[in-house]
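Note sheet for the following structure.
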Amino acid sequence: MSTPETSRFVRLRVELVLEIQDADGITKAALRRIADDGEMPAAERTHGEAAVTEDTAEALAYLVDPFDLVSQVPGVELQQASWSSERIDYDPDAPDWDLDEDDVDDDSDN
């Protein structure tokens, strides 16, 4: 039986909109993270360095790790994660940016 009441697994959806104030600092931090990753294969390292140098959103994706968000939460273990980043046009006053509209879900326990 895998109803929401009996399942041990929870999907947590988080959407963040960040304002980049120091693109160069983000790029440098992402390059440091790549350089410090001793397990990253050389081909992936080369691709990653090029990606973070060309796009601040990619650099940010290298720096944000979903594991870090839940690693200190007692009683949970991250099973799977995916994330992406993209440049967007943002207008906090536009009705499209009403984050509360997605919060209405009969299955959630907010």
Sequence ranges 84-96, 56-68, 30-42, ranked by mean other-Cβ count within 10 angstrom, highest first: 56-68, 30-42, 84-96
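In whole percent, and with a 1.4 Å probe on the protein chains, what portion of the accessible area of the chain is carbon and sulfur? If you can, show how the numbers build up before the last one.
Values: 4550 of 9730 Å².
The nonpolar share, carbon plus sulfur, comes to 47 percent.
So for the chain, considering every pair of alpha-carbon atoms, how many percent are separated by more than 21 Å? Please report the intermediate quantities before stating the final value.
On the way: 3287 of 5995 pairs.
Everything past 21 Å amounts to 55 percent.
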The chain, accessible area per residue, ligands and nucleic acids excluded (1.4 Å, Å²): 88
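The values are calculated or read from the model by the stated rules, or taken from the named source; none is laboratory data. Computed from a predicted model, the values in this text were never measured in an experiment. Counting neighbours? That spans all protein chains shown, and the Cβs are built from the backbone with ideal geometry, glycine included. Just the protein is used for accessible areas: all its heavy atoms, side chains included, with ligands, DNA and RNA removed. Shrake-Rupley method; radii C 1.70, N 1.55, O 1.52, S 1.80 Å.
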